[in-house]
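Okay, structure first, notes after.
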Amino acid sequence: MITFGTYDAARHPRTAVLVAGLRAHGVKVTELNRPLGFSTAERVRMLQQPWRLPVLAARLLHRWAGLTGDAVRLRRAEGRPRAVLVGYLGHFDVLLARLLHPRAVVVLDHLVFAGDTAADRGATGLRVRLLTGLDRLATACADVVVTDTEEHRQLLPDPRKGVVVLVGAPDEWRPPQVGSRPSQVEPRSSQIEPRPSLVEPVETLAPLSVVFFGLYTPLQGAPVIAEAVRDAVAAGAPLRVTLVGTGQDLARTRETLAGTPGVTWHDWVEPGELPALVAGHDVCLGIFSDTPKGLRVVPNKVYQGLAAGCVVVTSDTPPQRRALGESLELVPPADAAALAARLTDLCDPAALAAARERAARGGDRIRPQVVTEPLAAELRRRDVR
């Protein structure tokens, strides 16, 4: 089996999780990858703003030329692959994969629906219809379509093609100290060696440290987080909050939190530094919107926060409850008062210790080998080794 595409496993570890999990199941995987070099936000922006597409097309054609050469050389050395896994954000890559490997089982990791994502970010009309058409074309080129939730599988034109594989978290998100953390509330920064530029000194940290990282898209509900933090701190909750990222809802989030003490902002953290930063906090925040997309996903940050050893607070939605409900601290979507109350509760040492125990029980369920079992089973059914 080969992986194929322009994915960036450093920025978006989904494909790395699939590869690690399949290898753990005994599948031989060879990677053919020429990263495109654009972030998710840049790709989405290009799809939403057609005048940017020539830049995408030029870069894509250059990467495809390299991938084609790689595929030809590999075929000469090892023969035709039995299966091809097209990595995350492979809406265009799957077209080339189908062309180059017409007899292979093509597996598309369709973690993001382009039309659905554009609509969630405010697009309407022809743009959404065109992107929905791209989703249909991409999934039509695949024999197996991997989604992250059952709700997304049901969005496929042919749900029978779908295999649900939870996002999971790569092992790089599991810091060595997880499992040896004391049950009492102590600033977790005292147990790791974070970069000083990213984490405040231990002596200035509040008893409960909270982190959120993301693209500030509507589904993430960052304004809900801002309202909750503002109100909890105003009511006396001892919080120290780190917010990482930029995006559509950042200005509103900053405005809501203006004047709130204990809030630190970072526009960007390198992917290699992010696990340590998150692990240096007691609580990792998930998503909190009640948008249609927000009700259908289990975001990366939920899995990564658990892997980093955090208590994860996120919205109580069917896919999140189904995937990891017993290990998460769930609050109603778009309910800032409920989130503020839960964060205030977690300031109590006993409540935090109990939440940590619940979170720890979910750690093994998000490992690559576990989450990829449905895909490995489908490949075995198709006699792919």
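Overview of values
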quantity: Condition broken by A360, with the remaining ones in (1) within 14 Å of G214 (Cα to Cα); (2) among the small types (G, A, S); (3) not in a loop (DSSP other than H, G, I, E, B) satisfied; calculated: (1)
quantity: Condition check for A338: open to solvent by less than 50 Å² (accessible area, probe 1.4 Å), touching a strand residue (DSSP E or B) at 6+ places or on another chain (Cβ under 7 Å) and farther than 16 Å from D282 by Cβ; calculated: yes
quantity: Answer residue from region 270-324, given it is open to solvent by 10 Å² or more (accessible area, probe 1.4 Å) and among the acidic types (D, E) and is nearest to A226 (Cα to Cα) among those; calculated: D290
quantity: Test result for W64, at pLDDT 90 or above and not acidic (D, E); calculated: yes
quantity: Failed item in (1) open to solvent by 30 Å² or more (accessible area, probe 1.4 Å); (2) modelled with pLDDT under 95, with R358 passing the rest; calculated: (2)
quantity: Of all residues making up region 142-173, the number that are in a helix (DSSP H, G or I), within 17 Å of A323 (Cα to Cα) and open to solvent by 10 Å² or more (accessible area, probe 1.4 Å); calculated: 3
quantity: Those residues of region 21-40 which are in a loop (DSSP other than H, G, I, E, B), farther than 30 Å from V55 by Cβ and either open to solvent by 20 Å² or more (accessible area, probe 1.4 Å) or of a type in the set (S, T, Y) (or both), in sequence order; calculated: H25, G26, K28
quantity: Some residue of region 372-380 being among the acidic types (D, E) and under 12 Å from V311 (Cβ atoms); calculated: no
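For every residue, the table says whether it meets (1) modelled with pLDDT of 95 or more; (2) under 25 Å from I366 (Cα atoms); (3) in a loop (DSSP other than H, G, I, E, B).
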residue	(1), (2), (3)
G247	no, no, yes
E255	yes, no, no
T260	yes, no, yes
T264	yes, no, no
V278	yes, yes, no
K293	no, yes, yes
A338	yes, no, no
A341	yes, no, no
D345	yes, no, no
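Residues checked against (1) open to solvent by 10 Å² or more (accessible area, probe 1.4 Å); (2) small (G, A, S):
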{"residue": "L208", "(1), (2)": "no, no"}
{"residue": "P218", "(1), (2)": "yes, no"}
{"residue": "A226", "(1), (2)": "no, yes"}
{"residue": "A232", "(1), (2)": "no, yes"}
{"residue": "P238", "(1), (2)": "yes, no"}
{"residue": "L243", "(1), (2)": "no, no"}
{"residue": "G247", "(1), (2)": "yes, yes"}
{"residue": "A251", "(1), (2)": "yes, yes"}
{"residue": "R254", "(1), (2)": "yes, no"}
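The values are calculated or read from the model by the stated rules, or taken from the named source; none is laboratory data. The structure displayed is predicted, hence computed values, not measured ones. Positions of Cβ are generated from backbone atoms using ideal geometry, with glycine treated the same way; all protein chains shown enter the neighbour counts. In case anyone asks, the SASA skips ligands and DNA or RNA and just uses the protein heavy atoms, side chains included. Shrake-Rupley method; radii C 1.70, N 1.55, O 1.52, S 1.80 Å.
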